[in-house]
1. Name the residue that is nearest to residue 192 (Cα to Cα), counting only residues in segment 132-148 that are among the polar types (S, T, N, Q) and open to solvent by less than 30 Å² (accessible area, probe 1.4 Å).
2. For the structure I just gave you, tell me whether residue 186 is surrounded by 14 or more Cβ atoms within 10 Å (Cβ to Cβ) and farther than 30 Å from residue 82 by Cα.
3. For segment 1-48, name all the residues that are of a type outside the set (A, V, I, L, M, F, W, C), closer than 15 Å to residue 79 by Cβ, free of Cβ contacts under 8 Å to residues at least 12 places away in the same chain and assigned to a helix (DSSP H, G or I).
4. Go through segment 121-160 and report how many residues are outside any helix (DSSP H, G or I), free of Cβ contacts under 8 Å to residues at least 24 places away in the same chain and not acidic (Asp, Glu).
5. Has segment 55-62 got any residue that is crowded, with 20+ Cβ neighbours inside 10 Å and either under 18 Å from residue 149 (Cβ atoms) or over 15 Å from the mean Cα position of the chain (by Cα) (or both)?
6. Restricting to segment 49-89, give me the number of residues that are of a type in the set (Gly, Ala, Ser) and either in contact with a Cys (Cβ under 8 Å, 6 or more places away or on another chain) or not in a helix (DSSP H, G or I) (or both).
7. Select from segment 14-44 the residues that are surrounded by 17 or more Cβ atoms within 10 Å (Cβ to Cβ), in contact with a Leu (Cβ under 9 Å, 6 or more places away or on another chain) and among the aliphatic types (A, V, I, L, M) and list them in ascending order.
8. Of all residues in segment 106-131, which are touching a helix residue (DSSP H, G or I) at 6+ places or on another chain (Cβ under 7 Å) and open to solvent by 30 Å² or more (accessible area, probe 1.4 Å)?
Amino acid sequence: MADATGGQVVRAMLRGPGGVVRAAGVVCVLIALVARGPVDTALFALVLAGLVVPPAAGAPRGLDAAYGIGLVLAAWSGALDLYQAVAWLDVVMHLVVTGLVAAVAHLLLARRTGALLDPVATDGGAQRVGVVAVTASLGLALSVLWEIGEYLGNTYVDDTIYVGYADTIGDLVAGGIGSVVAGVWLTAAARGRGTGRSLRR
């Protein structure tokens, strides 16, 4: 029974476009381990851990894939120093990826803990506003944790990790905007076809 359950979990993780991204995440960890060094290996291991979250949240396949692609691209952009080479890339990544992460986090907390209202269960404008507000708050909180991680990484791991006051504020603003958009999308998707089925896998 345990083997069957383990097999089911593996199949669920590899199903659909999100499964392809998770398989790519494993390859990224192996590449980092062989060719990139311990810092990048730790980064891609963290990304791989994040890639298993959408199935646990019951995220729809499109969100699952977009979230995974966003995490992988953000990690490679950092590993290849693209943020320094392309001035606007950092803001775009914080805007898009933070929004995707906030949407998945909202679904995870709603469906695994019941602590939040599931967007598919919203009934009326006030609840939809609440979903947007909570998703935005999650995105901002996660953005703060990320910025703390960047500071600790710069201080104790690798001083080439860029930190600065203007950069931090810009990242937080971009992440907050992206999370608001994500919250609006969650409520719009939940109202799709009048049933909310578009937010189910």
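1. Per the stated criteria, the residue is 135.
2. The answer is yes for residue 186.
3. Hit for segment 1-48 is 38, nothing else.
4. 2
5. No - not one qualifying residue is present in segment 55-62.
6. 4
7. 21, 29, 32
8. The answer is 108, 111, 112, 115, 116, 117, 120, 128.
The values are calculated or read from the model by the stated rules, or taken from the named source; none is laboratory data. Keep in mind that this is a model prediction, so the values were computed, not measured. Cβ: placed from backbone, ideal geometry, glycine included. Neighbour counts: every protein chain shown. Please note that ligands, DNA and RNA were not included when accessible areas were found on the heavy atoms of the full protein model with its side chains. Shrake-Rupley method; radii C 1.70, N 1.55, O 1.52, S 1.80 Å.
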